[in-house]
Amino acid sequence: MGNNDLSTEQAATLMKVHARSVLRWVNAGRLPAWKTGGGRARIRRQDLARFMRGRGMDIPDELTVTTPRIAIVDDDPGHVAALRELLEELVPHARIEEATDGFSAGMLVGTLRPHLVFLDIYMPALNGFEVCRWIRSKPETAGAAIVAVSGVMSPAARQRLGELGADLCLSKPLEVDLLRSVLREYLPTPSAQRRD
């Protein structure tokens, strides 16, 4: 885990609340955190920023991330190309990387440590369900927002993905307005808007 992760006391200072409040949010699972070998909670800056944004709190400059990182995991080259083109238009300063199967997705996500993962669920070999489970099981990737996408998003798939920790389940193709709102919700920077 990175040295830039925050203790509960540091997070409390940035939020201007008592450290006990931060611990309650962590213990209740509302604020993602990982544990050190000694059992101390550590909070990733992007998770704290997302938590604060979701509660209408002002986000201090210390939590601003300048380069959003996005992973696209999909075996359909046409969908990957279309999604990349839209993302490059909506978030021109983002770092966007791709994986075409579940195995390479693990390496990509582990290395890139993306803020946001667009994850196809039906891929050969290791499917999106298993990739979602893997992302959530690793402390270094657990804070990534996971948007599962599929041409066929059944109620059963939505339920299973929710249980595995996906933040959102969407059907292909992704509409621009919906994509724009996803970027506003899950990227760590406030600007995810189209270039004029």
Among the residues of segment 114-133, the number that are closer than 21 Å to D47 by Cβ and open to solvent by 60 Å² or more (accessible area, probe 1.4 Å) is 1
Given (1) in a helix (DSSP H, G or I); (2) modelled with pLDDT of 90 or more, V149 misses just (1)
Residue hits (segment 93-103; surrounded by fewer than 24 Cβ atoms within 10 Å (Cβ to Cβ), touching a residue at least 24 places away in the same chain (Cβ under 8 Å) and of a type outside the set (V, I, T)) are H93, A94, R95, E97, E98, D101, G102
When segment 35-65 is checked residue by residue, the ones that are closer than 15 Å to R113 by Cβ and either part of a loop (DSSP other than H, G, I, E, B) or modelled with pLDDT under 85 (or both) are R44, R45, Q46, V65
For segment 47-97, the count of residues that are among the acidic types (D, E) and within 18 Å of G151 (Cα to Cα) equals 3
#### Entry: Test: G162 is touching a Phe, Trp or Tyr at 6+ places or on another chain (Cβ under 9 Å) and either at pLDDT 90 or above or surrounded by fewer than 17 Cβ atoms within 10 Å (Cβ to Cβ) (or both)
no
Kindly indicate whether E98 is modelled with pLDDT of 90 or more, closer than 24 Å to R180 by Cα and not in a helix (DSSP H, G or I). yes
Result of the Cβ filter at 8 Å on segment 104-119, keeping first residues that are closer than 19 Å to L87 by Cβ and partners that are among the β-branched types (V, I, T) and open to solvent by 10 Å² or more (accessible area, probe 1.4 Å), at least 6 apart or interchain, is H115/V65
Note: among P32, P77, P68, just one is closer than 22 Å to F118 by Cβ and open to solvent by 70 Å² or more (accessible area, probe 1.4 Å), namely P77
Taking segment 14-29 and keeping only residues that are over 22 Å from the mean Cα position of the chain (by Cα) and exposed (fewer than 15 other Cβ atoms within 10 Å of the Cβ), one is left with K16, V17, H18, R20, S21, R24
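Among the residues of segment 2-13, which ones are touching a residue at least 40 places away in the same chain (Cβ under 8 Å) and either under 17 Å from R55 (Cα atoms) or exposed (fewer than 12 other Cβ atoms within 10 Å of the Cβ) (or both)?
Scanning segment 2-13 gives G2, N4.
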Open item on the list: Being at pLDDT 90 or above, under 23 Å from L31 (Cβ atoms) and either of a type in the set (G, A, S) or assigned to a helix (DSSP H, G or I) (or both) is the requirement here; does A157 meet it?
Closed with: no
Selection from segment 165-196 of residues open to solvent by less than 40 Å² (accessible area, probe 1.4 Å), of a type in the set (S, T, Y) and modelled with pLDDT of 85 or more yields Y186
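The values are calculated or read from the model by the stated rules, or taken from the named source; none is laboratory data. What you see is a predicted model, and the numbers here were worked out from it, not measured in a lab. When we count neighbours, we look across all protein chains shown, and the Cβ atoms used for this are built from the backbone with ideal geometry, even at glycine. Note: accessible area is taken over every heavy atom of the protein model, side chains too, but ligands, DNA and RNA are not part of it. Shrake-Rupley method; radii C 1.70, N 1.55, O 1.52, S 1.80 Å.
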